[in-house]
Amino acid sequence: MLCLTATVSSSYAQNTGGFESANEYVVLASADVQNDAQWIPIVDALKERHSAEVLFYKDSPRDVLKDLKRIKPRYVAIVDKPENIGRDYVIDMHNMSREIDDDIFEDFLWGMITGRDAAAAMRMIENSAEPFVIHDAVATIMETNSAKWFDRYAWVDDHTKGLWGQKKGKDMAVETDTVAPEKVLKKFTDIYAEYDPDLIITAAHASEHRLEMPFSLGYLVPKEGKLMALTKDGESTWDLEQSGKRRVYFAVGNCLIGNMNNTPNSMAATWMNSANAATMIGYVVTTWHGRAGWGALKYWLTTPGRYTLAESVFLNQQDFTNQQNEWYPSLFKKRYPSFGRDEFKEASKVIGKAIKGEPTSDQIGFWHDRDVLAYYGDPKWDLRLQQIPEENGYTVTTKIDKGKCIVTIETKDNFSLDLLKGDKFKQEHVLDLPFSLFFPERLNNPRLAKGQDWKVALDENFLLVYNNDFQPNKTYTIELDIDN
């Protein structure tokens, strides 16, 4: 369903009824996994946990697209060996997820379950068995330096060389300091060991084979399944100290680091192995615009506790796909023409022809980013940030009855429209956010009921409202018709 018009609000408690598919969760697994006694227990574990249907493919997940169209799952986990996963694999999964029905949106949340070996892939499953709330984090970006989402937080800055900071406890102030540039790598590995983070966020230069500190002041590299620190001059190395706890790695703006690159020796595989990343997000191509990564982080940070990480990634994906479609609907089924040296020239030419004019950076960047962010991990894992009570300015309830879904949004005294729209976080790439709702249950053919004037993007899994100028202490309702 394309962009229509409707009403809404958002909260943590939702009263629901609806239609839950018997096959809400599907596991896809390669023939290599099916025929390997060490890997097949991973499939069995997911099947048991989620009462999932299992489909095996020979060459690629696309082999079973016909079955996915029949089942129409809400969640899809792909279990495969690292040797089979690369850039084009991820791009095709994004495209497949939009081919279940005729609208422009991805029709299921999906994640890849893999690892350096079968034991690492099984740990990913075991580590996502129970809900996880993020408390402590370490980063190489400055955008989260307020640290309001975390009990304990430390970072090395990517805007000022040698700057670093920390928040030592939940109610403590953020402190900043500086180190000599040549000590930035050591500072990062020290705070990583001290804070033992639940979440790592990075955005410096990277490749499939290394992660650079800001300003290229040292590197993390994979070596025999471990992450190693390597000084800029290449003369010193040491292990990135690990405690064995489960972690989440969000490579929000790094080039290429999310590309498994068809090898168990990639950075992605190593983060899942030695760093015990139960979920990892990263780009499979060089990135310059950043809508996919920074947009997903914006959805997660500005609605803390409201969405799982997978839901935030999913909602952002639908939002900027919808915006892209409004610019040039004729390119909906077209893949980005090139990720090589002449990509800007080629993409600009195609978009320019579609819009009959000169494309903006956003119009090119949104297309570039549409299919290139990889999500590793169980897409149904209940993985969230802590709530920030003083920022919880609205509640959302949904009620299903007699072919209707009624969404009710109630704003409070502390409601902030700026916060609802994303608080200007990475505004240069992400733009204002719509009001968003991930339906507690998948709806059957939802559409706006007659007589409403909301501008929305809507399908069976979500609702986005673009004319969302809500005010404090108000109640808004959105009425959807649904099929029984």
* Protein-only accessible surface order, largest first, of Asp177, Asp158, Asp171 at 1.4 Å -> Asp171, Asp177, Asp158
* **Relative contact order (%) - criterion: Cα under 8 Å, at least six apart; region: the chain** => 21 percent
* To do: Would you mind putting 256-263, 304-311, 384-391, 345-352 in packing order, based on average other-beta-carbon counts within 10 Å, highest first?
  => 256-263, 304-311, 345-352, 384-391
* Structure fact -> Summed over the other residues with a beta carbon less than 15 angstrom from that of Glu311, with K and R at +1 and D and E at -1, the charge totals -3
* Structure fact -> Applied in sequence order to the range 44-57, the curve 6.51 cos²θ - 1.76 cosθ + 1.60 (Karplus, θ = phi - 60°) yields integer Hz couplings, x standing for Gly and Pro, of 4, 5, 5, 4, 5, 5, 10, 6, 8, 8, 10, 10, 9, 10
* Quick one: if you stick a label point 7 Å off each Cα along the C-beta vector at Phe332 and Arg62, how many nm between them? -> 2.0 nm
* Structure fact -> Net charge near Pro434 (other residues with Cβ under 10 Å of its Cβ; Lys, Arg +1; Asp, Glu -1) is 0
* To do: Compute the length gained on full extension between Arg210 and His135: take 0.36 nm times their separation in residues and subtract their Cα-Cα distance, giving the result in nm to one decimal.
  => 24.3 nm
* Asked: If you stretched the chain out fully between Lys170 and Asp382, how much longer would it get, using 0.36 nm times the residue separation minus the C-alpha to C-alpha distance?
  -> 74.1 nm
* Asked: Can you count the Lys pairs in the range 28-173 with C-alpha separation below 13 Å, eight or more apart or on different chains?
  -> 4
* Tell me, how many Å apart are the Cα centres for the range 183-245 and for the range 413-458? -> 37 Å
* **Summed side-chain charge close to Tyr466 - residues other than Tyr466 whose Cβ falls under 12 Å, Lys, Arg +1, Asp, Glu -1** => -3
* To do: Tally the DSSP beta bridges in the range 32-191 and give the antiparallel ones as a percent, rounded to 5.
  => 45 percent
* Structure fact -> Scoring the range 286-412 by relative contact order with C-alpha pairs under 8 Å, at least six apart, yields a percentage of 31 percent
* Structure fact -> Between Leu385 and residues 5 or more places away or on another chain, the pairs with built amide H atoms under 5 Å apart involve Ile134, Gly305
* **Per-residue HN-Hα couplings for the range 175-183 [Karplus 6.51, -1.76, 1.60; θ = phi - 60°; Hz; x = Gly/Pro]** => 10, 10, 7, 10, 10, 4, x, 5, 9
* Asp423-Arg70 FRET efficiency (beta carbon distance; Förster radius 35 Å; 0.05 resolution) -> 0.25
* Name the residues whose placed amide hydrogens come within less than 5 Å of the amide hydrogen of Ala139, ignoring near sequence neighbours (fewer than 5 apart) on the same chain. => Ala154, Trp155, Val156, Ile201
* Work out, step by step, the length gained on full extension between Asp190 and Asp32: first 0.36 nm times the residue separation, then minus their alpha carbon distance; give nm to one decimal. => 52.9 nm
* Could you tell me which of rounded, prolate or oblate describes the range 89-153, using a ≥ b ≥ c as the square roots of the eigenvalues of the alpha-carbon gyration tensor, with rounded for a/c under 1.5 and, failing that, prolate when a/b is larger than b/c and oblate otherwise? => oblate
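With a 1.4 Å probe and every protein chain kept in, tell me what percent of the accessible surface of the range 432-473 is carbon plus sulfur.
Looking at the range 432-473 in its full context, I get 41 percent from C and S.
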* Structure fact -> Averaged per residue, the 1.4 Å probe accessible area of the chain, protein heavy atoms only, in Å², is roughly 39 Å²
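May I ask what percent, to the nearest 5, of DSSP beta bridges between residues of the chain are antiparallel? Display every interim value, and only then the final one.
Details: 48 of 82 bridges.
In the chain, DSSP labels about 60 percent of beta bridges as antiparallel.
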* To do: May I ask you to list the aspartates and glutamates whose Cα is less than 14 Å away from that of Lys334, ignoring any residue fewer than eight positions away on the same chain?
  => Asp92, Glu99, Glu346, Asp369, Asp371
* Largest-first ordering by accessible area, 1.4 Å probe, given options Trp327, Trp155 -> Trp327, Trp155
* **Size of electric dipole in the chain: Cβ of Lys, Arg +1 and of Asp, Glu -1, about Cα centre, debye, nearest 20** => 480 debye
* Accessible surface, 1.4 Å probe, highest first, among residues Asp63, Asp151, Asp459 -> Asp63, Asp151, Asp459
* To do: Return a whole-number percent for the relative contact order of the range 126-266, with Cα pairs under 8 Å and 6 or more residues apart as the contact set.
  => 21 percent
* Assuming R0 = 56 Å, can you tell me the calculated FRET efficiency for the pair Glu390 and Lys226, based on Cβ-Cβ distance, to the nearest 0.05? => 0.85
* Asked: So what are the ³J(HN,Hα) numbers for the range 340-356, from phi and the Karplus equation (6.51, -1.76, 1.60; θ = phi - 60°), rounded to whole Hz, Gly and Pro as x?
  -> x, 4, 9, 4, 5, 5, 5, 5, 4, 5, 5, 5, x, 5, 5, 9, 6
* Would you mind checking which residues have amide H under 5 Å from Phe439's amide H? H placed 1.01 Å from N; only 5 or more apart, or other chain. => Phe462, Leu463
* Asked: Roughly how much of Ile364 is accessible, in Å² to the nearest 10, using a 1.4 Å probe?
  -> 20 Å²
* Structure fact -> For the Asp92, Gln471 Cβ pair and Förster radius 25 Å, calculated FRET efficiency rounded to 0.05 is 0.05
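The values are calculated or read from the model by the stated rules, or taken from the named source; none is laboratory data. Computed from a prediction, not measured in an experiment: that's the story for all the values here. No Cβ is skipped: glycine too gets one built from the backbone with ideal geometry, and neighbour counts run over all protein chains shown. To get the accessible areas, we keep the full protein, side chains included, count just its heavy atoms, and leave off ligands, DNA and RNA. Shrake-Rupley method; radii C 1.70, N 1.55, O 1.52, S 1.80 Å.
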